[in-house]
Each structure stands twice: as C-alpha cells, then as structure tokens.
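The values are calculated or read from the model by the stated rules, or taken from the named source; none is laboratory data. On a predicted model such as this, the values are computed, not experimentally measured, just so you know. Cβ placement follows ideal geometry from the backbone for every residue including glycine, while neighbour counts extend to all protein chains displayed. All accessible areas refer to the heavy atoms of the entire protein, side chains included, with ligands and DNA or RNA removed. Shrake-Rupley method; radii C 1.70, N 1.55, O 1.52, S 1.80 Å.
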Amino acid sequence: MPETKKTPRILILCDFDGTVSTKDTVNRLVRDHLTDPEWRFQVKRYFRGEIGSLAVYRAIAPMMRMTQEDLEKFVLSHASLDPHFPHFLQWASENGIDVKIVSDGFDATIKALFNNHNIRGLEIFANEMRFGPDASVSMASPHYNPACGTCGTCKLNVVRRFRPDYDRIVLIGDGESDRHAAGEADVVLALHDLFVYCARTGIPAVRIEGFRDVPRLLTRRVAAVTFDMDGTLVDSIGTITAAFNHMFSTLGYPLMTEQEVARVTSISLKDFVRSYLKPEEAEFGVKVFRDYYDRIFLKQASMMPGALDALQTLNGNIVQGIITNKRGEYARRMAEHFGFSKNMARIIGAEDGFKAKPAGEMFEEFMRSVGASADGTVYVGDSPIDVKAAANAGMDAFAVAGRIFSAEELAQTAPRRVLNSISELPAALQPLI
C-alpha cells in the first residue's frame, strides 16, 4: 500500500509587545507606576548592556505600586491589538497550526488585552506580575534560563522545549528579546529591528508589517521571478566603470572608483550622465560611453557567483524574466552570451519604451505579458533602487547583499527578504510551511 503522507506539525511562537500588541507596553507600564527615582539608574544599566531584563525586573518591582484595576485601565488606554491577529488565529486553527505567546513582558498585560478582545486558550510564556493588597507589585520569571540569566523569558529555551514536538517552528517577533530564538527557529517573520538584526547576522528572515501578512507569506507560491541584471546576475561593474571613466577622461572630468559608480548606476545611463555632465555635453557623453562599452562589455563581464546554478535550478519550475536599467539591447545580448536568454520569458530594459526604475512600468509590462499577479511575482535585485522599484509596482523584492550594498543596508530599505547570496534564492521562493 502507498505510504500516507504525514501532515507536518507546525508551531508559531508570537512575541507580544510590538508584535501582537502594536505598541510596546512594558516601558510605559513600568514608568507610570514607579515610586522611586532609582529606577532610572537600573534602566540605564540595561541600555548600557550591563544587565538584562531579568535583573531590571527584579530591581524595579519593589519600586512599583499598582493594582489589578490600575493594570486593566492602563491596558485599555495604552495597549493596542494588531487588528488582524484574531483572523490569524482563526486561520491557524483551521489549518491545524498551534500558536503560543512568548514574551519578555508581563503575563498580566497580555491576559488583560486578550480578555478585552475575547481571545482565549493561548498558552503564554512570559514574566509573571502579581499584585499585593497594598498595591505592591511582585514579579517572577519562571521561563528564564539559569545558565544565562539575561532575559526574563528565554525564548531560545522555549523553541528548544518544543523542538521534539513539531516539524517546523515559526517565530514572529520584532526586537531584542527575539534574537536568540531567531537563530534557532525554522522560519522567522520579523518586524522592525529584528529584520535588520537578522540581515546583519545572516539569519534568514521574512519581513512583515503585521499579522495581515502572515497567512499569505507562509503559504504563498511564487509564480514568476524577475531579475535585475548588473550586480545580481552579471558582474559587470568593472566594464561599466571603465566606460564611464573613458567618458569622464574624454571630457576632462575626474575619474570615479568602482564603488562610487556602483552605488549610483542603478539609475539609467541617461539619468546618470545628466547628473554628472554639463547639459550640453550629455548627448555626446552617452555616445562616448556606448562606443567604448560596446567594445568591452561582453569580453570583461562574468556571471555572479552562484547565479547560473540558481537560474538552472529554477528552469521549468517558475516563469523568469529580467528587468534592468541597462539598455534592453545590451541586456538581451548579455543574456544570450552567458546562455540563459532562452529561459527568460521577457527581458525588458532601458529604451524599450518604458520608464526606467524606480518607476514600475517595466514590471507592469512583464506581469501583463506573462499573466502573473503582483502578489505572485518577486523581483530580485542588489540595490535600494531595486527595492523601491518593486514596491512601486506593488510586488515584493528579494535583495541580494554583495560588495556594494551590505545586508544591513539593504534591510533598511524594507525588502521582503535579504539574501546573502543568490544561491539562496531557489529555497527562498518555496512556501515557508
């Protein structure tokens, strides 16, 4: 008998402050209910990295005065549930996906907000806050890690605790307390600072803006992928720099380094020339550039490491195309020269009748011609202008870090993903769960 395919067991661990709650409640809650100015000294120690949240909570709890009623009033006034979180919970339940809350904040805050929205039954891992009859406050951290003692709730330990019970563990978070767990989870959906941290440290992560994105991004199947050319598929910055410097020297301008050229040549050739030459010299400058570039661009360029293998892996599995600010004629000749033009549904470049990036016209033409939707199409590029152009077309960008733009710098432009190498692309295009 054929073997029955096993349904994977999936757990989603959600951070609370800044994630489930769109506002970070911890700092405001503590500040509003402290009675001793010494708390500022403890908080400064925390921000200097001398102590972790566990030590801060233990130090400031005796300085706080608050009742259960005070807490509930605070939550009504200052906490705000992501409006799409209830729908996310319904989706997870319908698909047999478990959801738990992991927070370095306080269980009382979480429970109060959930009660206000009739959310029941979620297991919560957080610091415990209790109220005495004299409005005194006590805190306990049952989920801290004695071997480390930094965070009140060790999210890394929570991931490891449930590792034997699940096939895939997804972490959704936004900040510092999520960092160690991010390195251990199978999938990371990151907001804000966590996304930049993951890019900087090489942890694969998908950027989200809130829970509205989660069901779609976890299950999406990408139908089409388009590529930038220079710096993404082909290493041609040397030839481009040589051609520009030939133009500059011909016209008596100072030369530029490869790094200087690479950081600005994502714009079209004509826009670049207009930025650096006198208006009356622009047309001649373009001609000088092209005459020289025509002689060298196929001889000195090479494929980016891993690019050809990535393209071959995608062949037959996904619609592919190229959208570039390189002149369309050059892009098509280059793709043919390196042997991947036959697998491209469209190669669209400058002077093909559409506005150059960051405008979205070339993207819209590509999607129209291949019958793809913006949601089902991803653009792969290596520069901030690529991320901006994809956003203008309503599609996601996957940014590939390289020697010109770092992973951290690209993350700050808000692509959907940052890849350390284009070799990671085939796996990144697969559904996450």
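Some points to look at:
- The value of relative contact order for segment 133-266, using C-alpha pairs under 8 Å at least six residues apart, is 12 percent.
- Measuring only protein heavy atoms, the 1.4 Å probe finds residue 197 accessible over about 40 Å².
- Highest GNM mean-square fluctuation among 358, 279, 142, for the chain modelled with Cα contacts below 10 Å: 279.
- Share of carbon and sulfur in the accessible heavy-atom surface of segment 346-433 [1.4 Å probe, %]: 48
- Rounded is the label for segment 293-419. Its Cα gyration tensor axes, ordered a ≥ b ≥ c, give a/c under 1.5.
- Here the spin labels are modelled as points 7 Å beyond Cα on the Cα-Cβ line, and at residue 38 and residue 341 they lie 7.6 nm apart.
- For the chain, convex hull of alpha carbons as volume per residue, Å³: 187
- In nm, spacing of pseudo-spin labels at residue 300 and residue 134 (7 Å Cα→C-beta vector): 8.0
- Normalising the Debye intensity of segment 3-59 to I(0), with uniform scatterers on Cα atoms only, and taking log10 at q = 0.21, 0.26, 0.28 Å⁻¹ returns -0.92, -1.11, -1.16.
- Positive-end residue, segment 7-116 charge dipole about Cα centroid, Cβ charges, pick of 22, 42, 91: 42
- For the set 84, 337, solvent exposure ranked by accessible area (probe 1.4 Å, protein chains only) runs largest to smallest as 337, 84.
- Lys/Arg +1, Asp/Glu -1 at C-beta; segment 103-242 dipole; positive extreme among 124, 208, 135: 124
- Segment 111-190 - charge dipole about Cα centre, Lys and Arg +1 at Cβ, Asp and Glu -1, debye rounded to 20: 140
- Across the chain, the relative contact order, built from alpha-carbon pairs under 8 Å that are at least six residues apart, equals 14 percent.
- Pairs of Cα atoms nearer than 8 Å and 6+ residues apart set the relative contact order; for segment 309-433 it is 19 percent.
- Debye, to nearest 20: dipole size of segment 1-120, +1 on Lys, Arg Cβ, -1 on Asp, Glu Cβ: 200
- Counting only lysines at least 8 places from residue 100 when in the same chain, those with an alpha carbon closer than 22 Å to its own are 23, 111, 155.
- Residues of the chain: accessible area per residue with a 1.4 Å probe, Å²: 46
- Per residue, the convex hull spanned by the Cα atoms of segment 216-335 measures out at 129 cubic angstrom.
- By definition, a body whose alpha carbon gyration tensor gives a ≥ b ≥ c is oblate when a/c is 1.5 or more and a/b is not larger than b/c, and segment 84-164 fits this oblate description.
- Start at zero, step by 5 Å, and the Cα-Cα distances of segment 37-86 spread as 4, 17, 17, 14, 19, 15, 10, 3 percent across the bins.
- Spatial separation of Cα centroids for segment 111-134 and segment 394-420, in angstrom: 38
- Spin-label pair residue 50-residue 251: with each label point 7 Å from Cα along the Cα-Cβ axis, the two points sit 5.8 nm from one another.
- Per-residue ellipticity at 222 nm from helix content only, as computed over the chain with -39500 (n - 2.57) for each DSSP H run of at least four residues, stands at -11500 deg cm²/dmol.
- Global geometry of segment 1-146, whether rounded, prolate or oblate, following the gyration tensor of its Cα atoms and the 1.5 cut on a/c: prolate
- For the chain, with +1 on Lys and Arg beta carbons and -1 on Asp and Glu, the positive-most of 247, 301, 175 along the dipole: 301
- Per-atom-type breakdown for segment 47-111 gives carbon and sulfur 48% of the accessible area (1.4 Å probe, protein chains only).
- Placing unit charges on the Cβ atoms only, positive for Lys and Arg and negative for Asp and Glu, gives the chain a dipole magnitude near 360 debye about its Cα centre.
- Of the peptides 281-290, 51-60, the ranking by mean beta-carbon count within 10 Å, highest at the top, reads 51-60, 281-290.
- For segment 134-243, the fraction of C-alpha pairs more than 18 angstrom apart is 65%.
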